[in-house]
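What follows is a set of notes on a single structure, which appears directly below.
The values are calculated or read from the model by the stated rules, or taken from the named source; none is laboratory data. Everything numeric here is computed off the predicted structure, so don't read it as measured data. Cβ sites come from the backbone with ideal geometry, for glycine too, and all protein chains shown count toward neighbours. Note: accessible area is taken over every heavy atom of the protein model, side chains too, but ligands, DNA and RNA are not part of it. Shrake-Rupley method; radii C 1.70, N 1.55, O 1.52, S 1.80 Å.
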Amino acid sequence: MSLKTTEAATRADARLAPKPAPRDYRAARTLSGLQKNTPGLIVLVILGVLIVLPLALVLLAAFSDSVPRPGSISLGGLTLSNLALLATPEALGALVNSLMVGAGSALIALLIGAFLAFVCARSDAPWRKFIFFIGMAPMFIPALVGALAWSLLCSPSAGYINIFLRDLGIDAAINIYSLPGLVFVLGIFYAPYAFLLLHSSLSMMNADLEEAATVHGAPLRTMLRTVTLPLALPAILGSAVLVFALTMENFPVAQVIGNPAGVDTLPTYIYRLMSATPAKSNQAASVAVILTVALMAVTLIQQRIINKRKFTTMTGKGNRPRQVPLRKMRWPFTILALAYFAVSVVLPMLALLAASMQATPFVSSMSQLLEANSLSFAKLIEVLGSNDFQLALKNSVLVALIAAFADTTLSFIASYIRYRTKSKVGRLIELVAMTPLAVPAIVMGIGLLWTWLLLPLPIYGTLAILAVACVAVFMPQGYRGVSASMLQMDQDLEDSAVMLGAGRTRSVLDVTLPLMRVGIMSSFLLFLMLSMRELSASIFLFTSNTRILSILVFDNFDNGQSQAAAAVSVLYCLVIGILAVIAQKVGGERKTKN
């Protein structure tokens, strides 16, 4: 039999073979699609438990007459009565205070950040590398510690600056426990966010446009006003909205600075409702929903503004920004930058160190600190050797390590499904992973508390729930970091391994992960640092055996033990500083390899 005859017979058999029924075909296609999407669906379920379920319970509690607890969760008691609280003077006052704090802090942070970014990126001022460090340095001090330090500096009765003014015979006192004080502290400690965004924008700005303005006769001042400022406007607005959102949801600073003055913001108001006896959980949930909605609106505005930056400042060729000559103002500008460094880092750290080292808890004159034996390391050594500190340090490190490992792993898998597969749930995974960006951490903490009381997994009261809280709160930062590294790597490298016979899993383990190891390690260290600083979500989840360093500082301050709080803060900053050095070394390695 010839070859042609055989092929014709095969084709005839194929035509005569029974075709699958349409229903069987659809079922097979559905099963195939389900198999392809199974990993994505598993990740989506995990993110749903971590992020969506807590938010859903907060929403339910806001419109219910009962708190979601085991055996008492239902849709039967829906009511709008909880919203009546929003019309009370206390709630309205907290809302107005939050808006004022957000707007004032954003203005201060923007002025400082824009000034430092301009001096660092576009001027010929001396010490520009150090000024870049100055712009970022306050980020390594937790906001809680910064607030505590400024309460030690400018407390009306016992603040070091006020004592110094009295020593000089000046009959005036600075009261940090006030709304302006709260705005000031938040403004100086959130200025690095504005600095980073604006420095990036000014560094990438197309110099050709400024050169064109100069060639056509525009003086320097006109060029800055008509070319440079409009190009940087999206970054200016974006950073202002970002700082507004971050300071509006801030809990630790508002509690430390605002609470003694009776200045409530929405986060501290929620905390007060939850801490009342009995707890007003449903009313707190209604306030939390309002805060979340407001923050989501602000975040959407911020995202729209930030996205516009790509179309106004980036160019497709090599570019060196034009340097603006400051002439006689070179050193004055550098001195102003140093003054910010003194206010945001040097003075707070000196205040914490002095408070933790002074022999007596009360100081009436600054000369008292200069006397023999007036300062010692005794308190620091005592705190370092105390069981509370060692337990809190161990808890913090364990929680941070577990959270960093879990968050990095989950972020990698979610990012891989989104950008390296054709899964239909990839975009939904990204949406859920980025949701906590618009949710205040204190709201997430309430939702997580109720979620893990309902779920049949007994992790409440353990370190695991604190790690879960860190994973949920910082998911957007991790997802973005890992995704950025993944998008930088060409997928052909992994596909080549598959074409040469390696399975997909082996290709990921042998090709993708090794190539991304520096980016993954950077994300891991970022998680580690953020988890070490976390307080807002953990405040509802800790027990006496699971206190972490931020909780220990907060507890000591709340109980009036300022010296112990200062000593723990010094050691706390030391631990974070070590992590920052490690992160910098990893970042330097990444830059070298790239």
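Could you please let me know if T292 is in contact with a Gly (Cβ under 7 Å, 6 or more places away or on another chain), closer than 22 Å to L55 by Cβ and at pLDDT 80 or above? Spell out the reasoning first.
Working: in contact with a Gly (Cβ under 7 Å, 6 or more places away or on another chain): no; closer than 22 Å to L55 by Cβ: yes; at pLDDT 80 or above: yes.
Here the answer is no, as T292 does not meet what is asked.
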(request) For residues that are farther than 29 Å from L246 by Cα and in contact with a Leu (Cβ under 7 Å, 6 or more places away or on another chain), tally how many sit in region 65-106. (result) 3
(request) Would you please list the contacts, defined by Cβ atoms under 8 Å and residues six or more apart or on different chains, that run from a residue in region 506-534 that is open to solvent by 60 Å² or more (accessible area, probe 1.4 Å) to a residue that is β-branched (V, I, T)? (result) M521/V586; R533/I576
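Would you be able to say whether some residue in region 152-171 is hydroxyl-bearing (S, T, Y), part of a helix (DSSP H, G or I), out of contact with any strand residue (DSSP E or B) (no Cβ under 9 Å at 6 or more places or on another chain) and open to solvent by 30 Å² or more (accessible area, probe 1.4 Å)? Outline the logic, then answer.
So in region 152-171, the residues hydroxyl-bearing (S, T, Y) come out as 155, 157, 160.
Now restrict to residues that are part of a helix (DSSP H, G or I): 160.
If we keep only those that are out of contact with any strand residue (DSSP E or B) (no Cβ under 9 Å at 6 or more places or on another chain) as well, we get 160.
Subsequent filtering for residues that are open to solvent by 30 Å² or more (accessible area, probe 1.4 Å) retains none.
No.
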(request) Scan region 550-563 and report the pairs whose first residue is closer than 15 Å to S386 by Cβ and free of Cβ contacts under 8 Å to residues at least 40 places away in the same chain and whose second residue is surrounded by 21 or more Cβ atoms within 10 Å (Cβ to Cβ) and of a type in the set (G, A, S), with Cβ atoms within less than 7 Å and a gap of 6+ or a chain change. (result) N556/A564; N556/A565
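A quick yes/no check of all residues on (1) of a type in the set (A, V, I, L, M); (2) at pLDDT below 80; (3) in contact with a strand residue (DSSP E or B) (Cβ under 8 Å, 6 or more places away or on another chain):
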position	(1), (2), (3)
L220	yes, yes, yes
P260	no, no, no
S281	no, no, no
A285	yes, no, no
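Taking L428 as the residue in question, decide whether it is under 25 Å from V473 (Cα atoms) and in contact with a helix residue (DSSP H, G or I) (Cβ under 7 Å, 6 or more places away or on another chain).
On the way: under 25 Å from V473 (Cα atoms): yes; in contact with a helix residue (DSSP H, G or I) (Cβ under 7 Å, 6 or more places away or on another chain): yes.
Yes, satisfied.
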(message) Checking the conditions here, which among A149, A84 is in contact (Cβ under 8 Å) with a residue 60 or more places away in the chain and either buried (at least 21 other Cβ atoms within 10 Å of the Cβ) or under 30 Å from S281 (Cα atoms) (or both)?
(response) A149
(message) For region 465-494, which positions are in contact (Cβ under 8 Å) with a residue 40 or more places away in the chain, in a helix (DSSP H, G or I), under 19 Å from L525 (Cα atoms) and hydrophobic (A, V, I, L, M, F, W, C)?
(response) L466, A467, V468, A469, C470, V471, A472, V473, M475, V482, M486
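Only one residue in L448, L428 is within 28 Å of V298 (Cα to Cα), in a helix (DSSP H, G or I) and open to solvent by 40 Å² or more (accessible area, probe 1.4 Å), so which one is that?
L428
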(message) Condition check: β-branched (V, I, T) and touching a residue at least 12 places away in the same chain (Cβ under 8 Å). Does I176 satisfy that?
(response) yes
(message) I'd like the residue in region 97-130 that is among the β-branched types (V, I, T) and over 19 Å from the mean Cα position of the chain (by Cα) and, out of all such residues, is least open to solvent (accessible area, probe 1.4 Å).
(response) V119
(message) I'd like to check something: does region 561-573 contain any residue that is modelled with pLDDT of 85 or more and not in a helix (DSSP H, G or I)?
(response) yes
(message) As an exercise: evaluate K422 against (1) outside any helix (DSSP H, G or I); (2) in contact with a helix residue (DSSP H, G or I) (Cβ under 6 Å, 6 or more places away or on another chain); (3) charged (D, E, K, R) and give the number of the one condition it does not meet.
(response) (2)
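In this structure, does L266 turn out to be modelled with pLDDT of 85 or more, closer than 29 Å to Y177 by Cα and surrounded by fewer than 24 Cβ atoms within 10 Å (Cβ to Cβ)? Spell out the reasoning first.
Values: modelled with pLDDT of 85 or more: yes; closer than 29 Å to Y177 by Cα: yes; surrounded by fewer than 24 Cβ atoms within 10 Å (Cβ to Cβ): no.
When the stated conditions are applied, L266 does not pass them.
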(message) I'm trying to understand the selection: among the residues of region 222-252, which are open to solvent by 30 Å² or more (accessible area, probe 1.4 Å) and in contact with a strand residue (DSSP E or B) (Cβ under 9 Å, 6 or more places away or on another chain)?
(response) L224
(message) With the requirement that a residue be in contact with a helix residue (DSSP H, G or I) (Cβ under 7 Å, 6 or more places away or on another chain) and under 17 Å from L92 (Cβ atoms), what does region 271-287 give you?
(response) L273, K280, Q283, A284, S286, V287
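For the structure I just gave you, tell me whether S356 is open to solvent by less than 60 Å² (accessible area, probe 1.4 Å), touching a Lys or Arg at 6+ places or on another chain (Cβ under 6 Å) and of a type in the set (G, A, S).
Details: open to solvent by less than 60 Å² (accessible area, probe 1.4 Å): yes; touching a Lys or Arg at 6+ places or on another chain (Cβ under 6 Å): yes; of a type in the set (G, A, S): yes.
Judged against the criteria, S356 is a match.
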(request) Using the structure shown, decide if F133 is open to solvent by 50 Å² or more (accessible area, probe 1.4 Å), under 25 Å from the mean Cα position of the chain (by Cα) and farther than 30 Å from L295 by Cβ. (result) yes
(message) Can you pull out every residue in region 431-445 that is free of Cβ contacts under 8 Å to residues at least 24 places away in the same chain and open to solvent by less than 10 Å² (accessible area, probe 1.4 Å)?
(response) none
(request) Scan region 536-560 for residues that are assigned to a loop (DSSP other than H, G, I, E, B) and either surrounded by fewer than 18 Cβ atoms within 10 Å (Cβ to Cβ) or modelled with pLDDT under 85 (or both) and jot them down. (result) S536, T543, S544, N545, N559, G560
(request) Please indicate, with yes or no, whether at least one residue in region 404-416 is open to solvent by 10 Å² or more (accessible area, probe 1.4 Å), aliphatic (A, V, I, L, M) and assigned to a loop (DSSP other than H, G, I, E, B). (result) no
